[in-house]
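Inspection log for the structure reproduced underneath, given as structure tokens.
The values are calculated or read from the model by the stated rules, or taken from the named source; none is laboratory data. Just so it is clear, the model here is predicted, and its values are computed rather than measured. Cβ placement follows ideal geometry from the backbone for every residue including glycine, while neighbour counts extend to all protein chains displayed. Surface areas here come from the heavy atoms of the whole protein model, side chains and all, with no ligands, DNA or RNA. Shrake-Rupley method; radii C 1.70, N 1.55, O 1.52, S 1.80 Å.
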Amino acid sequence: MARFPSINLDITHRCTLQCQRCNRAVFALRGQKVPGKDMTMNNFKKVIKFFEQIHFCGQISDPIFHPQFIEFLRLLKIKGRDTIVHTAASHKKKEWYKEAFQANTHAKWTFGIDGLPKDSSKYRINQDGEHLFNMACMAAKIVDKVKWQYIVFKYNENNIEEARQMAKDNNIIFEVQKSSRFLEEDPLKPSNKNYFIERKNYAYKPKV
């Protein structure tokens, strides 16, 4: 059976973070619940029949909060699917992360830690950046590839090289990411124009 190259799945509706430019914040601003539900194992099995590569990169959720996520990872390893996980939430214990990494050692994990771990919660509210960085370091010893995604903000633009060295010291790929989700007068916007993408008429206006 012919298969398509890849698909990205938002497998749940849960996240413990309150990132200020996330789509979840838009729902909160409107006084609405974040929509969605957990993807069932049966539906997951149906989807992965048709794709070579599975991405877990939530637009309104973090995949680690799906109650069967580790089972999903195990199944993807058995089926030989290329697996990519993007996560930023940190509300799982060390034992859970270890089980998840070992469930699919061929998976590639990207950890969203924006700034030095001690500072990352300035944007990713509720994130324990130091705990998550430690989990990324553990992942680097177990799975095929680990990335540190570092979105540049005003509070972290001068710490890039220090973070890059931390990643190198722990066999983690360091990836600087430029955001376009800045208002014209935005306290999060970097001072250096090389660190963001100019986007006119960006509509989202957070509460002050």
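Observations
- Pair list, Cβ under 7 Å, 6 or more apart: the range 186-208 residue open to solvent by 80 Å² or more (accessible area, probe 1.4 Å), other residue in a loop (DSSP other than H, G, I, E, B) and modelled with pLDDT under 90: ILE197/SER180; ARG199/SER180; LYS205/LEU183
- Checking each residue in the range 56-73 for being buried (at least 19 other Cβ atoms within 10 Å of the Cβ) and at pLDDT 95 or above picks out PHE56, SER61, ASP62, PRO63, ILE64, PHE65, HIS66, PHE69, PHE72, LEU73.
- Wholly within the range 94-208, helices (runs of 4 or more DSSP H) carrying at least 3 residues that are small (Gly, Ala, Ser): 129-139
- On inspection, ILE78 passes the criterion of being more than 24 Å from ARG164 (Cα to Cα), at pLDDT 95 or above and surrounded by fewer than 23 Cβ atoms within 10 Å (Cβ to Cβ).
- Positions within the range 164-185 being farther than 23 Å from CYS22 by Cα and either in contact (Cβ under 8 Å) with a residue 24 or more places away in the chain or in contact with a Lys or Arg (Cβ under 6 Å, 6 or more places away or on another chain) (or both), in sequence order: MET166, ASN170, ASN171, ILE172, ILE173
- Test: PHE4 is surrounded by fewer than 12 Cβ atoms within 10 Å (Cβ to Cβ) and either of a type in the set (D, E, K, R) or closer than 25 Å to PHE72 by Cα (or both): yes
- Candidate set: the range 19-42, residues that are outside any loop (DSSP other than H, G, I, E, B) and in contact (Cβ under 8 Å) with a residue 24 or more places away in the chain; chosen: the one surrounded by the most Cβ atoms within 10 Å (Cβ to Cβ): ARG24
- Hits in the range 88-133 (condition: without any contact (Cβ under 8 Å) to a residue 40 or more places away in the chain, among the polar types (S, T, N, Q) and open to solvent by 10 Å² or more (accessible area, probe 1.4 Å)): THR105, SER121
- Residue match in the range 164-184 (condition: charged (D, E, K, R), out of contact with any helix residue (DSSP H, G or I) (no Cβ under 6 Å at 6 or more places or on another chain) and open to solvent by less than 20 Å² (accessible area, probe 1.4 Å)): no
- Being at pLDDT 95 or above, closer than 21 Å to ALA139 by Cβ, of a type in the set (Phe, Trp, Tyr) and out of contact with any helix residue (DSSP H, G or I) (no Cβ under 9 Å at 6 or more places or on another chain) is a property that PHE111 lacks.
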